[in-house]
Amino acid sequence: MSFRSLLKKFPNEKDLASRPRPYFNHSVEMKKIFTAEERADILQKVGLNVFFFPSEMITGCDLLSDSGVTTMTNEQWAALHVGDEAYGSNRGYFLLRDQIRTTFGDHFFNEPGKEAPNAFLFHQGRASEDALFTQIGGFGSELVIPSNGHFDTTGANIEANGMTALNLFADDLSSNSANHFKGNMNVERLRSLLAESADRVPLVYLTVTNNTAGGQPVSMANIKEVAEVAHGYGIPLFFDACRFAENAWFIQNHEAKYKGKEIDAIVREMFGSVDGFTISYKKDGLVNMGGGLFIRNDGLFSKKYPGVAERILDYQILKEGHPTYGGLSGRDIMALAVGLKLVTKGEYLAHRISQVREFGEGMRRAGIPIITPTGGHAVYVDVNKFFEGTDMKPDDFGGVSLCAVLLGAYGHRACELGYFTFGRYDRERKLEVVPEVNFVRFAVPRLRYEREDLDAVVQAMKALHDNKDVIPGVRVAYGRELSLRHFKARFEFK
Ligand code: F0G
């Protein structure tokens, strides 16, 4: 009997309930163990702001961010060793250029020195955003940049350059509908904005996946429709592309037309609709540091705003470094070139997305109200629903309190992305201006945790939910009126 015919007598390994991870631990770090009392004392000292809590004391999962916390592969560690720290045209730069062309399309990276500059490396995403928005801010007055959801630093960089950052969320974002693409831009709202004031819109932005809107993906249909509307008014479209590969996986798996199409081809089709993009490689670049700004050489942006790329180049040289390293060390560039190759691999993405989905399913089964379906990089708990039936009021900042108690009592760190992070205090009216969304986000670092780690978070959240009546609100002791206040504020339990 041949081995292959013997195999037919066993269930297909793909049908087994548990599948091994497509990787194994290459090296590990032993945690230091601290007690809840020790953590509580520190939290009290740092004003309940989890950003200031020492990561070494986190005995559970650190889900504060999925940014820059990827566990790198052995190939990436090996690549670090062959990093070339030359001041000009280091070895990794050429590898990265080739990889960026392969991943996103040739037109996003011109031949350095030969053709006009259009590819700019930065040390992280927000630096590339500032490089772009400092230029665009000068295009006129009362400018508005609409998006399906600006990330906090993106919105802040737009506003810091004198423009308005406008979020056009999908209508069903907070509903429990089974729609897989709640990250879409609300095209109706875009149409009416442009019908009224297209001349005030220098650029339209799409964040893939939509971090501010529950980490939800954007469909190819929405990308194409937004491109058509924006281009119809002669307005360029850009991606905030941090989680482009995860977004492509959702398109492959939930948009009928793309079933069976390779992720690489889907990514290139996505980027075929945009005139440029900013990106933080700390997410789907699978590295600890890196970012960039890329302008399509034959796109609407380069045609409409000639000369801008040259000014961005000057900005880059003044603020970051020579365009061939752009604020990154040569070894970081090497690790990025390797990371970008892995991130679009089907087996990697299938595991990544299903890990986040199963984490969300665990939360849901435990009765925790989350945004469903889960997005690509994080599980978002709906804070208003979590505290339903209690006395928690909007300016008690239940999300902030939930994060502090979770970290103190159970050793897991999550991040408030809601009334405190996105809200602001109106000094004149002496009240809080409340945003549309109120979440606590559990961002899952790539290739870092196992199921049992995330199961422990679910159990901790269930214990908190069962006792939600005794979770107090917080008073803002410092920083209520500051910009980017969530990074700086201090709180006290009421
Ligand atoms: N855009 C999006 C959608 C992001 O999620 C982030 C960062 C940035 C831009 C800025 O990139 O950090 O490299 O400057 N998000 C991290 C997070 C910080 O936790 O979601 P950066």
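The values are calculated or read from the model by the stated rules, or taken from the named source; none is laboratory data. Just so it is clear, the structure is predicted and the values come from calculations on it, not from any experiment. Cβ coordinates were reconstructed from backbone atoms using ideal geometry, including for glycine residues, and neighbour counts include every protein chain displayed. For the accessible areas, the whole protein counts, side chains as well, though only heavy atoms, and no ligand, DNA or RNA atoms are used. Shrake-Rupley method; radii C 1.70, N 1.55, O 1.52, S 1.80 Å.
In the context of the full set of protein chains, residues of the range 302-352 present 43 Å² of accessible surface per residue (probe radius 1.4 Å, heavy atoms only). Computed from point charges on the beta carbon alone (+1 for Lys and Arg, -1 for Asp and Glu), the dipole magnitude for the range 75-342 about its Cα centre is near 280 Debye.
Compared with the direct C-alpha span, the chain from E56 to D264 gains 71.1 nm at full extension, assuming 0.36 nm per residue. Pairwise Cα distances in the range 419-485 exceed 19 Å for 55 percent of all pairs. Leaving out ligands, DNA and RNA, and with a 1.4 Å probe, what % of the accessible surface on the chain is carbon or sulfur? Its accessible area is 51 percent carbon and sulfur atoms.
S5 contributes about 40 Å² of solvent-accessible surface, heavy atoms of the protein only, 1.4 Å probe. Listed peptides 165-175, 376-386 appear in the order 376-386, 165-175 once ranked by packing, highest mean of other Cβ atoms within 10 Å at the front. Rounded to the nearest angstrom and listed largest first, the equivalent-ellipsoid semi-axes of the chain from its Cα gyration tensor are 34, 30, 23. For the range 7-67, the C-alpha radius of gyration divided by 2.2 N^0.38 Å, with N the number of residues, is 1.87. Relative contact order of the range 75-342: 30 percent, from C-alpha pairs under 8 Å at least 6 residues apart in sequence.
Taken along the Cα-to-beta-carbon direction at a fixed 7 Å, the label points for I317 and M1 span 7.3 nm. Please list, or write none, the lysines whose alpha carbon is within less than 25 Å of the alpha carbon of K303, excluding same-chain residues fewer than 8 places away. Here the lysines satisfying the reach criterion relative to K303 are K114, K224.
Here the sum of -39500 (n - 2.57) over DSSP H runs of 4 or more residues, divided by the residues of the chain, equals -11000 deg cm²/dmol at 222 nm, to the nearest 500. Counting every alpha-carbon pair across the range 75-342, the share separated by more than 32 Å comes to 19%. Restricting the GluC sites (Glu not before Pro) of the range 26-88 to loop positions (DSSP other than H, G, I, E, B) with no more than 12 neighbouring Cβ atoms within 10 Å leaves E29, E85. Each part gets one Cα centre, and for the range 14-46 versus the range 101-166 those centres are 36 Å apart.
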